[in-house]
Amino acid sequence: MLSTPHATLAVTDTHKSALRRALRVTASEKWDLNRRFPLVMSRASGAHVWDVDGRRYVDLTSCSGAAPLGAGYEPVVDHVVSELRRTGGILPGPLSVHRIELAERLAEIFPRAQRSLFFRTGSCATTAAIRLARAHMGTNLVLTSGYHGWHNCRTVPRWGYPDRYRDSVDFRYDLDLFEKLSGEQRVAAVIITPEVTSHPNITGNCKISSTGAAPCLSWTRL
């Protein structure tokens, strides 16, 4: 049996071996096992996911929000594969028809967003957004809660970087503290993450429960 503070799972030799391999070269017992699903997954389709033993689960998290249409949604997969074949998948320059068309579409959906910039990582995107906001507002204070990337100015003390950039203040999803901080001085930007692993009133731990046909993967509230 594999036991965590919020889940108990019968583990086969195959799964034990996969867990040992993961812990040796890539996984964190605290983060990957105790705070998330204690599973080594092999594939997903729609609302279901399978582990290395072939056991099927119902994913109630939509891959933590990354797959709202379900994993492997065929119309999306078919279109992506078609475009990869048509375009080669990667181009040597920063401008492409796809970039222009996507920026135009975003401007239609969000009229106040007149221009779009694209970055390789989320850390770069959030850092650039903060830099632009500071330049536009003429002040440096940023109020934030949640995870916004690995750059030092984006981290929070409980994630191992106590000397956070002094002009970036974590209000910890506390609206009273937010009101106090925003009333004391001019704010350049507010950046938050509506994420279950960051909000103080929601656990970042998994729950594995039975639905008869298949166990469910879900997040549990305190």
So which pairs qualify, if the first residue must be in the range 130-141 and of a type in the set (S, T, N, Q), the second must be at pLDDT 90 or above, the Cβ gap must be under 7 Å, and the two must be at least 6 apart or on different chains? 139/186; 139/188; 140/134; 140/188
So, in the range 111-137, exactly how many residues are modelled with pLDDT of 90 or more, in a loop (DSSP other than H, G, I, E, B) and of a type in the set (A, V, I, L, M, F, W, C)? 3
Residue 61 fails exactly one of (1) open to solvent by 50 Å² or more (accessible area, probe 1.4 Å); (2) within 27 Å of residue 194 (Cβ to Cβ); (3) outside any strand (DSSP E or B); (4) not hydrophobic (A, V, I, L, M, F, W, C), namely (1)
How many of the residues making up the range 155-172 are over 19 Å from the mean Cα position of the chain (by Cα) and modelled with pLDDT of 70 or more? 5
Could you grab me the full set of residues in the range 74-110 that are open to solvent by less than 100 Å² (accessible area, probe 1.4 Å) and in a loop (DSSP other than H, G, I, E, B)? 88, 89, 91, 93, 96
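Table: residues versus (1) touching a strand residue (DSSP E or B) at 6+ places or on another chain (Cβ under 9 Å); (2) at negative phi.
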{"residue": "40", "(1), (2)": "yes, yes"}
{"residue": "58", "(1), (2)": "yes, yes"}
{"residue": "70", "(1), (2)": "yes, no"}
{"residue": "83", "(1), (2)": "no, yes"}
{"residue": "96", "(1), (2)": "no, yes"}
{"residue": "104", "(1), (2)": "no, yes"}
{"residue": "113", "(1), (2)": "no, yes"}
{"residue": "120", "(1), (2)": "no, yes"}
{"residue": "135", "(1), (2)": "no, yes"}
When residues of the range 138-154 are limited to those that are modelled with pLDDT of 90 or more and within 23 Å of the chain's Cα centre (by Cα), the one surrounded by the fewest Cβ atoms within 10 Å (Cβ to Cβ): 143
Please work out which residue is modelled with the highest pLDDT, limiting yourself to the range 4-37 and to residues that are hydroxyl-bearing (Ser, Thr, Tyr) and in a strand (DSSP E or B). 8
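The values are calculated or read from the model by the stated rules, or taken from the named source; none is laboratory data. In this text the structure is predicted, and so the values were computed from the model without any measurement. No Cβ is skipped: glycine too gets one built from the backbone with ideal geometry, and neighbour counts run over all protein chains shown. We work out accessible area using only protein heavy atoms, side chains counted, and drop any ligands, DNA or RNA first. Shrake-Rupley method; radii C 1.70, N 1.55, O 1.52, S 1.80 Å.
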